[in-house]
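Encoded as structure tokens, the structure appears first; notes follow it.
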Amino acid sequence: MGFDPQLFAVKPCSEFLCTVCSEVLDKPMCVCQEGHTFCKACISRWLEKQQTCPTCRCAISQASLRPSRIVETLIGALDVCCHHSAKPNDDDGAHSSVCDSTSGQACAEEPAAKRQRMDNGCSWMGALRDLDGHLQSCGFVPDPCPLGCGASVQRRKLEEHSMCCPKRRVECEHCHEGMPYESLEEHVAQLCPMYLVPCTQKCGQTMPRKQLSAHLSADCPLQPVDCLFMAQGCTVRPRRQSLQQHLSDSAVEHSRLSTERLQALTTEMMGRIDALSKRNAELEGSINGLKLQLMESSRRCAPAHCPWDDDYDVLPAIQDLLAATSPHQHQHTHQRAPRPEPQEPDHHMQPRPMSPDDTEDHHEEQQQTRPDRAATPPPLPPPQDIYAANVFEAGFHDR
Ligand SMILES: [Zn+2]
Ligand SMILES: [Zn+2]
Ligand SMILES: [Zn+2]
Ligand SMILES: [Zn+2]
Ligand SMILES: [Zn+2]
Ligand SMILES: [Zn+2]
Ligand SMILES: [Zn+2]
């Protein structure tokens, strides 16, 4: 594709036109002996389909293309308008009606009308070779709005647009918070904590929005409030200014509700007390069973206890515990406790390895003795007896 002939101040001669795209040659390439010349891009696309000159149909190839430097230089020197100049229909022919640009006479257009027309497009005119340089700085080139509103704005109007862009930063005049302009209206209407709003209960007061909920919950005379007997079942919500009137008007009803509530609570509490009493009895039974098991275990441990163990005085501790929890039982145990037999002297000198049979025997004995042990408190040796047994055994080993 070449250059739009409309850009040129004077209509280019036909030799400068490409017959493929009908525009002014861009990077002209001579392709044949006849000197036929086309845009570089146009003839490259043409050669992809056919290998003949578009004008004279002689055979050509990619290798036969030659840049036409002279034509390129001549075209580069032609005067052109900026891509963003005013189009002929932009001024409704106002300019052409007062000025015949082909006559060579001075333009008779009024200066004010000319400024108006120029405002519609870039007035730059210069050699084609300088056009790219101009476009780098042309104020009529549209750029996307840097604030992100999505608008395409001419560079020269960016500052003007930044004053009216919906994304421009503004400050709320009530709370001084910064925000995009497009959010300001909603902020003031629904969110701004400092914007003055009337009471929603229409009591006539006006206050900053952030104080409205405190006003409603503590001050507003028209705000419905809970009756003081709501917990007793009163569902009336009088306005704050009518609460005292409601309390005096409904004294009988409030008294009836309170009595009913009290009866219901009493019934509920009695049910809970019954349930707790049952639970308490169950727990006492469990504790007694555990005490019996503990005494049984203590009795079994005593004869086999080894005086060289670190915790050999555990029995007095258990007896003290039982004495503290059940003094009568403790006394009973003392009366019935038999004196333990001194152990065989060679029990600790030649320990016999434990066999599975031993475990079974022990288990059997436990099974047989359990019923009568559970019925009566198990005998426990008094502390002084244990001490005597320990001294006896210690003396034996010292020998
Ligand atoms: Zn072309
Ligand atoms: Zn040709
Ligand atoms: Zn321009
Ligand atoms: Zn914008
Ligand atoms: Zn605000
Ligand atoms: Zn109010
Ligand atoms: Zn009430």
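The values are calculated or read from the model by the stated rules, or taken from the named source; none is laboratory data. Nothing here was measured: the structure is a model prediction, and the numbers come from that model. Neighbour counts run over all protein chains shown; Cβ positions are idealised from the backbone, glycine included.
General remarks:
- Subset tally (residues that are touching a Lys or Arg at 6+ places or on another chain (Cβ under 6 Å) and either of a type in the set (Lys, Arg) or farther than 30 Å from Val141 by Cβ (or both)) for segment 156-191: 1
- Pro5 being away from ligand 6 (no atom under 16 Å from the Cβ), crowded, with 18+ Cβ neighbours inside 10 Å and within 30 Å of Ser123 (Cβ to Cβ): no
- As for segment 134-144, it holds at least one residue that is within 35 Å of the chain's Cα centre (by Cα) and outside the structural domain of Val10 (by TED's automatic domain parsing).
- Test: Gln223 is of a type outside the set (A, V, I, L, M), at pLDDT 95 or above and closer than 30 Å to Val188 by Cβ: yes
- Unmet requirement for Met29, which otherwise passes all of (1) assigned to a helix (DSSP H, G or I); (2) modelled with pLDDT of 95 or more; (3) not polar (S, T, N, Q): (1)
- Scan of segment 149-167 for residues that are in contact (Cβ under 8 Å) with a residue 12 or more places away in the chain, more than 7 Å from ligand 4 (Cβ to nearest atom) and either closer than 30 Å to Pro208 by Cβ or in a strand (DSSP E or B) (or both), ordered by number: Gln154
- Within the option set Leu191, Leu147, Leu131, being within 30 Å of Arg240 (Cα to Cα), of a type outside the set (Gly, Ala, Ser) and away from ligand 1 (no atom under 16 Å from the Cβ) holds for one residue only, Leu191.
- Cβ-Cβ under 6 Å pairs, at least 6 apart or on other chains, segment 223-247 side among the aliphatic types (A, V, I, L, M), far side in a helix (DSSP H, G or I) and more than 10 Å from ligand 7 (Cβ to nearest atom): Val225/Arg240
This table checks each residue for (1) part of a helix (DSSP H, G or I); (2) of a type in the set (Lys, Arg); (3) at pLDDT below 85; (4) not assigned by TED's automatic domain parsing to the domain that holds Asp130.
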{"site": "Phe38", "(1), (2), (3), (4)": "no, no, no, no"}
{"site": "Cys42", "(1), (2), (3), (4)": "yes, no, no, no"}
{"site": "Val80", "(1), (2), (3), (4)": "no, no, no, no"}
{"site": "Asp100", "(1), (2), (3), (4)": "no, no, yes, yes"}
